[in-house]
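In what follows, a single structure is set out as structure tokens and then discussed.
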Amino acid sequence: MRCFGKIILFLIIATIPVNCYQKLSEKFQNSAYIDLSDTNWENSLPINLSSGWEFYWNQLFDPKVFPINSLLGGVPIVEFRPWTNLDLAGQKFSAKGFATYRKRIKVQNSSKLKHFSIYFMHLFSSSKVYINGELIQEKGKVSSQLAEVIPDRTNSTIEFLTDQLELDIVIQIANQDFYQGGPRGEFLIGYPPQIDLYKSRNLIVEIFVFGLIFGSVLYHLSFYFINRNQRAFLYFSIVCITFLIRIPFLNSKSHGYFIPMQSFEFQSIWLHYVNIFTFLFSILFLSELFRSKQYKYIKNFFFIGAILALFTPFVSKTFQYYLNFLYLVVYLVMFLAFSFYLLYKHKKEAQGLYSMGIALFSLALFCILSISLNFYGVHGGLYLILGYLFYVIFQTVSLSKFFAYAIESRANIEMALHEESLQALSKQRAEMQLMVHDQLGANLTDLKVFLERKMLSLNESVKQSFDLDYIYDRVVSIIQSLRNQLLYIEDQNLIFENFVTGLHLTLLRRYSDVGREFEFSPSNEFLNYFNEIKIIGKNQSYFLNIYYMLYEVCTNDIKYGRGESVWKLDFINGTFSINQRNLLNLSIQKQKTDFDLKSIKKRLSLLNGNLEVKISDESFQLKIQFPA
């Protein structure tokens with residue numbers, strides 16, 4: 001549900017710019033003169049005037065002196081699109097050239113002072129705007145001498161007051177070096193607050209997308225700094241940064257709010273270099289993600305292309321724009337094709353397969369749509385921004401799954417290595433036990449049997465002179481000690497499999513050897529804790545500390561206590577509580593005051609626990625508490 005809600009929120013934000021203006025009615029679509037006098041400009045959405053413009057090729061007419069054929073209807077009527085896309089009776093138009101566009105609008109029925117605003121995207125590539133014969137704006141430099149043309153890459157917002165019934169809008173456009181020439185996008189006219197609202201909605205989308213991608217950059221950089229071996233997160237964050245750099249130069253040209261508007265040439269070169277970095281780090285990202293070392297020739301293809309593309313700004317401007325566009329299209333197609341190929345080839349082991357597939361499909365769809373629309377003359381910057389957003393969101397989901405899988409795989413490898421080490425250690429101990437049993441045990445047993453036979457054949461005086469009874473007792477003691485040590489090793493192996501069972505058997509064996517009764521009572525919470533936790537390499541020392549500390553408690557009890565030893569073990573609110581009680585061998589006055597508890601206290605300090613001793617007559621009670 002949360003994911004669905006986020007998708008709905010995104011769609012709402014993404015559709016803010018949709019239907020922010022109105023189109024002309026069908027009867028005015030191909031008319032250079034339109035009557036909008038009945039429009040309530042203060043309450044109406046901006047009107048898009050991108051159709052029905054008079055077109056004068058290779059002419060820069062003075063707005064006050066138009067030829068008579070404009071009144072007779074002998075002028076081509078075209079859309080507000082690049083003239084390079086026009087085909088008028090088989091006539092094609094070169095990108096280099098100049099032209100005049102004209103449109104007349106009736107805006108009111110009576111002569112009242114009204115406030116209007118006009119908004120349109122940057123043109124190809126310099127322009128002058130006249131309204132009712134007055135020069136209102138000039139972008140770059142327009143000239144019939146193409147060598148004098150200075151391009152400009154900024155959007156236009158023109159506000160003006162007029163009391164005239166009609167608006168006569170004339171736009172002169174000239175282009176020298178760019179591969180397209182003429183107008184593009186929407187040409188909106190409306191009440192200034194309505195135009196500002198349209199621009200604000202576009203800006204909201206850009207800020208929203210910028211914020212999400214910026215958050216993705218921080219997200220992936222944090223993962224990289226946590227685990228420096230995962231360089232895929234670093235490369236993807238750099239790719240996201242290149243998107244962030246590009247967004248302020250697209251659509252609304254929001255970089256103008258923070259820095260002075262840059263020239264057409266600077267923006268073109270800047271975006272070209274950003275494209276180079278995007279492709280370079282995108283291919284590094286793929287190589288790191290899929291560990292595709294066998295595709296070095298693909299990586300070399302991108303690096304060689306990047307090196308060559310670095311020098312395109314130094315060639316003639318006419319060829320420069322073509323080469324930049326060619327580099328963008330070729331390497332975009334190459335990147336998408338290589339990405340889909342890697343995704344298909346590694347589909348069995350790739351994590352986040354579907355998310356990455358959606359990310360790539362979205363990027364391909366919106367990039368192709370944006371390039372196609374721009375080539376046709378419809379502004380596609382917003383679609384490109386949305387393409388970045390879809391790609392970043394779904395690629396982030398894919399990388400998150402990849403990172404989770406990597407952590408899980410590392411944990412599984414660590415567990416497998418630990419189990420292998422335990423198995424190797426267990427095998428080594430078993431071999432050692434077998435060797436000790438077969439060699440040392442056999443030799444000691446032979447010595448014991450030899451002494452028994454000799455003692456039967458010798459008289460008491462000889463036994464006493466050689467002290468054979470003492471030697472015999474020592475041999476028996478050593479055999480018993482060896483047996484106990486082997487059992488102790490088995491107990492240690494057991495605690496790694498089941499801590500409570502191993503501890504129980506160890507204490508039971510020790511009390512049984514000295515003929516003492518023993519009661520071991522763990523609570524259900526205590527048992528559940530050790531049933532749920534696994535003792536692996538990182539926490540072995542912690543549990544061994546507990547084991548050795550309780551072993552010392554048992555030793556202390558055997559040394560000073562008598563009768564039944566009662567052990568109660570509990571686990572309450574994340575704290576272990578161990579109570580042990582028994583009777584003392586001697587009266588309280590004859591006992592040592594510390595009962596040799598130094599070793600227990602030392603190990604307990606490592607566990608951040610505390611110890612409490614109660615002695616009443618001949619009764620001894622020990623209470624130990626420490627956190628889990």
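Results, tabulated for the structure shown:
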{"quantity": "Likely footprinting exposure, Glu138, Glu532, Glu206, fewest C-beta neighbours within 10 Å first", "calculated": "Glu532, Glu138, Glu206"}
{"quantity": "Packing-based ranking, highest mean first, of 37-45, 519-527 given that Cβ atoms within 10 Å are counted", "calculated": "519-527, 37-45"}
{"quantity": "Nonlocal amide H pairs with Gly182, under 5 Å, H built at 1.01 Å", "calculated": "Trp83, Phe124, Ser125"}
{"quantity": "Local electrostatic count at Thr154 - Lys and Arg +1, Asp and Glu -1, tallied over other residues with Cβ under 11 Å", "calculated": "+2"}
{"quantity": "Ranked list, fewest to most other Cβ atoms within 10 Å of each Cβ, for Leu161, Leu503", "calculated": "Leu161, Leu503"}
{"quantity": "Filter on Lys92/Lys199; Lys23/Lys114; Lys64/Lys141 - keep pairs with C-alpha separation over 32 Å", "calculated": "Lys92/Lys199"}
{"quantity": "Amide H within-cut-off set for Phe187, under 5 Å, with H built and near neighbours excluded", "calculated": "Leu49, Ser50"}
{"quantity": "Environment charge of Ala99, counting only residues whose C-beta is closer than 13 Å and scoring Lys/Arg +1, Asp/Glu -1", "calculated": "+3"}
{"quantity": "Aspartates and glutamates whose Cα lies under 13 Å from that of Lys128, excluding same-chain neighbours fewer than 8 positions away", "calculated": "Asp62, Glu138, Asp152"}
{"quantity": "Which of Leu218, Ile241, Phe285, positive extreme of dipole for the range 203-403 (C-beta unit charges)", "calculated": "Phe285"}
{"quantity": "Phi to ³J(HN,Hα) by Karplus 6.51 cos²θ - 1.76 cosθ + 1.60 over the range 329-338, Hz, x for Gly, Pro", "calculated": "5, 4, 7, 5, 4, 5, 5, 5, 5, 5"}
{"quantity": "Charge sum, other residues only, whose C-beta stays under 12 Å from Gln267's C-beta, Lys/Arg counted +1 and Asp/Glu -1", "calculated": "+1"}
{"quantity": "For the range 556-568, 3J(HN,Hα) per residue [Karplus equation, 6.51 cos²θ - 1.76 cosθ + 1.60, θ = phi - 60°, Hz, x = Gly/Pro]", "calculated": "4, 5, 5, 6, 10, x, 8, x, 6, 10, 10, 10, 10"}
{"quantity": "Whole-Hz couplings from phi, Karplus 6.51/-1.76/1.60, listed for the range 272-277; x for Gly and Pro", "calculated": "5, 5, 4, 4, 4, 5"}
{"quantity": "Sorted peptide list for 368-378, 276-286, criterion being average Cβ within 10 angstrom, highest first", "calculated": "276-286, 368-378"}
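Here, each number is a calculation from the coordinates, and none is a lab measurement. This one's a predicted model, so the numbers in the text were calculated from it and none came from an experiment. Positions of Cβ are backbone-derived with ideal geometry, glycine not excepted, and every protein chain shown enters the neighbour counts.
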